[in-house]
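A.B. asks: Okay, here's the structure, questions in a sec.
The values are calculated or read from the model by the stated rules, or taken from the named source; none is laboratory data. Being a predicted model, the structure only gives us computed values, none of them experimental. Don't worry about glycine lacking a Cβ; one is built from the backbone with ideal geometry, like all the others, and counts go over all protein chains shown.
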Amino acid sequence: MGQLHRLFSKSSPEHQSELVESIAAMIGVDGLGGLILRFAASGMGPQVESWIQPGPNMRLTPRQVRMVVGSDEIDRISIGGNLTPRQAEQGLALLLPRAIDRLTPDGTVPPSANIRRSLGRLDGLLQAS
């Protein structure tokens, strides 16, 4: 049983998929490079680098998610997904490193023009947990 399944044992897959949709929306607004820069500018450069490069991904904490994403966005995600803010933070803390890892399979950030095609790599993100 994966970490997300345990975290969301009382919520439906539709509620959980709100997190993946939220990640896609963040990428749609900032671009993948912009999202990466938000984390790096918040002092998480080594973590972000581990998500991009091949090898194990460094962890992200719920507190770090709130610091980068912001309380307003966490609240919006939690309401849209029928989750508590804490569940939204915890879910994003698990999924964001995996999402960035999947979107940078060769260790580089794809150009913005290719990101729409790349977002298809987020399919199955919940099952990989």
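A.B. asks: Taking the residues in region 81-103 that are assigned to a loop (DSSP other than H, G, I, E, B) and in contact (Cβ under 8 Å) with a residue 60 or more places away in the chain as candidates, determine which candidate is farthest from Arg38 (Cα to Cα).
C.D. replies: This residue is Asn82.
A.B. asks: Kindly list the number of the only condition in (1) at pLDDT below 90; (2) farther than 20 Å from Gly107 by Cα; (3) assigned to a helix (DSSP H, G or I) that fails for Ser11.
C.D. replies: (3)
A.B. asks: Only one residue in Ser42, Ser50, Ser118, Ser78 is among the hydroxyl-bearing types (Ser, Thr, Tyr), modelled with pLDDT under 85 and part of a helix (DSSP H, G or I). Which one?
C.D. replies: Ser118
A.B. asks: Within region 53-75, count every residue that is assigned to a helix (DSSP H, G or I), loosely packed, with under 15 Cβ neighbours inside 10 Å and within 15 Å of the chain's Cα centre (by Cα).
C.D. replies: 1
A.B. asks: May I ask you to list pairs of residues, at least six apart or on different chains, whose Cβ atoms are under 8 Å apart, with the first in region 50-73 being in contact (Cβ under 8 Å) with a residue 40 or more places away in the chain and the second being surrounded by fewer than 15 Cβ atoms within 10 Å (Cβ to Cβ) and small (Gly, Ala, Ser)?
C.D. replies: Ile52/Gly107; Gln53/Gly107; Pro54/Gly107
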